[in-house]
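Structure first, then comments.
The values are calculated or read from the model by the stated rules, or taken from the named source; none is laboratory data. None of the values given here were measured: they were computed from a predicted structure. Note: ideal-geometry Cβ built from the backbone for every residue, glycine included; neighbour counts use all protein chains shown.
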């Protein structure tokens with residue numbers, strides 16, 4: 001049961017990765033199961049280095065970034081997908097000597113292909129079943145490159161000569177795969193954050209340190225979760241700007257003024273800053289849940305400003321009061337509704353602040369943002385909005401005399 005667990009999934013994941021990293025000859029990493037069905041687990045940060053340089057140079061750059069990432073202390077696991085660790089045997093044919101012996105180069109390739117490949121040469125039907133027929137040497141003659149010395153070729157005169165007479169071999173390490181990103185040679189460095197390190201902090205390290213290690217002619221990009229994070233970061237900014245403009249236009253139509261909506265919305269950026277304070281203190285991270293909380297906060301704080309500005313406008317129209325007197329009266333009269341709204345919202349999200357169990361971190365993130373944002377936003381609404389109103393509010397003429405004249409005309 002979840003309540004009996006002493007450690008979270010991320011702590012267990014990081015602990016396993018750290019312990020298993022000491023096993024020589026193995027590259028091990030532990031993953032959380034993906035929340036989306038069908039998605040495969042992968043490292044959250046994928047930093048792609050691409051350019052027109054050689055793969056050998058890309059390998060050196062990727063190794064430097066991987067080493068710096070391990071030394072930073074922000075990551076429990078970092079690896080480069082470009083690795084020169086695949087042993088290969090390269091065969092070089094002495095074409096001059098092969099021509100002297102009357103051996104065709106194509107015959108050399110055909111002989112090696114017949115001895116070593118695993119292609120299907122034919123099929124055998126037996127007892128209503130079909131079986132593949134693969135023609136190759138026995139396994140004991142294919143275990144080592146030294147076995148090439150036991151292979152023989154027939155010369156033009158009909159004699160048998162060892163393969164090593166016309167073929168030399170060299171052992172080297174080659175990459176397991178060569179990748180391209182946007183039609184450029186590329187190498188990907190993956191990383192897993194340490195406990196307490198958010199995805200945004202990890203990406204910020206790669207943006208600052210990772211990019212500084214790139215030589216001239218190379219560029220960096222992201223794939224996977226990190227690319228989605230970078231894309232959604234821009235979408236979040238656009239969403240906030242769009243919501244801000246939308247609220248401004250609606251209020252401008254309601255108040256028939258452009259100054260009153262500005263007065264109402266002046267407390268929104270201040271309340272958002274207050275909501276970001278616990279994030280800066282490490283109490284939560286910027287994720288989809290905190291973003292939802294920030295969007296909710298914009299509407300709630302705007303309501304406080306509307307209460308004060310609308311009441312102050314009515315005071316000017318009914319009592320023919322000045323802007324300062326009207327807004328002081330509005331702040332005094334609307335104090336109780338504003339505080340009641342704030343208290344109701346704060347106490348309403350208290351269960352989110354003290355949530356426990358599976359998925360509690362998501363609920364806690366929303367609760368923290370709304371609570372701090374409402375408290376700070378309410379404070380600024382009561383003190384900053386009246387000051388701004390006294391300077392930018394337009395004059396609202398008294399409407400009582402006009403209403404009396406209209407009644408007389410109707411009578």
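Regarding region 296-304, can at least one residue be identified that is assigned by TED's automatic domain parsing to the domain that holds residue 354, in contact with a helix residue (DSSP H, G or I) (Cβ under 8 Å, 6 or more places away or on another chain), free of Cβ contacts under 8 Å to residues at least 40 places away in the same chain and closer than 14 Å to residue 381 by Cα? So far as region 296-304 goes, yes, one or more of its residues are assigned by TED's automatic domain parsing to the domain that holds residue 354, in contact with a helix residue (DSSP H, G or I) (Cβ under 8 Å, 6 or more places away or on another chain), free of Cβ contacts under 8 Å to residues at least 40 places away in the same chain and closer than 14 Å to residue 381 by Cα. Scanning region 277-287 turns up no residue that is surrounded by 14 or more Cβ atoms within 10 Å (Cβ to Cβ), within 16 Å of residue 80 (Cα to Cα) and modelled with pLDDT under 85. Mind listing whichever residues of region 98-140 are more than 52 Å from the chain's Cα centre (by Cα) and either assigned to a strand (DSSP E or B) or loosely packed, with under 11 Cβ neighbours inside 10 Å (or both)? Across region 98-140, the qualifying residues are 124, 125, 126, 127, 128. Of all residues in region 85-97, those being under 50 Å from the mean Cα position of the chain (by Cα) and either modelled with pLDDT of 85 or more or part of a strand (DSSP E or B) (or both) number 8. From the list 363, 406, the lone residue that is in a helix (DSSP H, G or I), at pLDDT below 80 and more than 22 Å from residue 255 (Cα to Cα) is 406.
Among the residues of region 76-106, those identified as in contact (Cβ under 8 Å) with a residue 24 or more places away in the chain, farther than 30 Å from residue 59 by Cβ and touching a helix residue (DSSP H, G or I) at 6+ places or on another chain (Cβ under 9 Å) are 94, 97, 98, 101, 103. Among the conditions (1) out of contact with any strand residue (DSSP E or B) (no Cβ under 8 Å at 6 or more places or on another chain); (2) in contact (Cβ under 8 Å) with a residue 12 or more places away in the chain; (3) surrounded by 14 or more Cβ atoms within 10 Å (Cβ to Cβ); (4) more than 14 Å from residue 45 (Cα to Cα), the only one that residue 198 does not satisfy is (4).
Considering region 141-175, the residues that are farther than 18 Å from residue 107 by Cα and modelled with pLDDT of 80 or more include one that is surrounded by the most Cβ atoms within 10 Å (Cβ to Cβ), namely 175. Residues being assigned to a loop (DSSP other than H, G, I, E, B) and within 25 Å of residue 89 (Cβ to Cβ) are entirely absent from region 179-201.
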